[in-house]
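Structure, as structure tokens:
Any read-out appearing in this document is the output of simple, stated calculations on the displayed coordinates, not a laboratory observation. Not measured: the values here are computed from a predicted model. A quick note on method: Cβ atoms are made from the backbone with ideal geometry, for glycine too, and the neighbour counts reach across all protein chains shown.
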């Protein structure tokens, strides 16, 4: 039996909301994984299902909606800013570290797709998460023009911690649909038909809180937002779950493989079939496979 307790915490001038998922009657501090979903999705679109698997395995799971999405506050609504979302992860870690169900010395991060890249950036800049799980992470369509370096990373870290990350009209895409079945007539942010099918399926379920509208901001910061450039500086143990036939252009398999090769310490790679969205269908065999592998890794590395 699981307990799903509503929680809220402050981040970047807004209140973020979600759930602390634990085994009912668990009276001790537990290793904890902090979780948020990928591009425009909400916690009720599978992230909560992963949280339930992890909690059933003896972890606590703090799962929340990114700022501007789902049950979380924040304006402008439906706007994605990667720096703001990374700061949200850090604020979630701060909140989790004070929660009575959480062992603050055994915390991890989980991210999917765009958030899968964000947990890499956060881990490079923040030593608190001991493990990260990134499924179908976004490292980029191609390698950056310059290789990773101490100087480039120092600028990224400074930007994340204290930089001005406001967008401008020139660096803003949208508002536009998240997905569309007719790219010629109604272009969308995510173009593969597989994205349309999954978002319509899971986002269309009652209570999902999903809206088929999004704005993406890539602020003109001194350092380019780049999980790839952060890969050599990751401070956590890592599980990358990657789809060889990923349909999303920015989830380039070869780029992810090169990012993985740069990661220090313990890093595990796991190939998952059925593309970017296969492991997001719950119930489903691929979801079961992914959740089982991730749960085992988290239990092992956080000493459950």
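Given a cut-off of under 8 Å on Cα pairs at least six residues apart, what relative contact order in percent is computed for the stretch 191-288? That works out to 28 percent. By the beta-carbon count within 10 Å of each Cβ, the least crowded to most crowded order of 52, 301, 268, 67, fewest first, is 268, 52, 301, 67. Connecting C-alpha atoms closer than 10 Å in a GNM of the chain, tell me which of 84, 193, 132 has the biggest fluctuation. Top of the fluctuation ranking is 193.
The stretch 245-278 and the stretch 47-123 have their alpha-carbon centroids 21 Å apart.
Going through (1) 30, 22, 16; (2) 26, 23, 20; (3) 29, 28, 15, the figure that equals semi-axes √(5λ) of the Cα gyration tensor in Å as computed for the structure here is (2). Helical content of the chain, expressed as a calculated mean residue ellipticity at 222 nm, amounts to -9500 deg cm²/dmol (DSSP H runs of 4 or more residues, -39,500 (n - 2.57) each, divided by residue number, nearest 500). For the chain, the relative contact order is 20 percent, taking Cα pairs closer than 8 Å that sit 6 or more residues apart in sequence and dividing their mean separation by the residue count.
Per-peptide packing, taken as the mean over residues of other Cβ atoms within 10 Å, places 225-231, 85-91, 181-187, 8-14 in the sequence 225-231, 85-91, 8-14, 181-187 from highest down. Between 73, 151, 49, the Gaussian network model of the chain with springs among Cα atoms under 10 angstrom shows the greatest mean-square fluctuation at 151. Computed over the chain with a Gaussian network model linking Cα atoms closer than 10 Å, the most mobile of 17, 205, 30 is 205. Evaluate the relative contact order of the stretch 1-87 (contact order divided by residue number), counting alpha-carbon pairs under 8 angstrom at least 6 apart; express in whole percent. RCO, the stretch 1-87: 33 percent.
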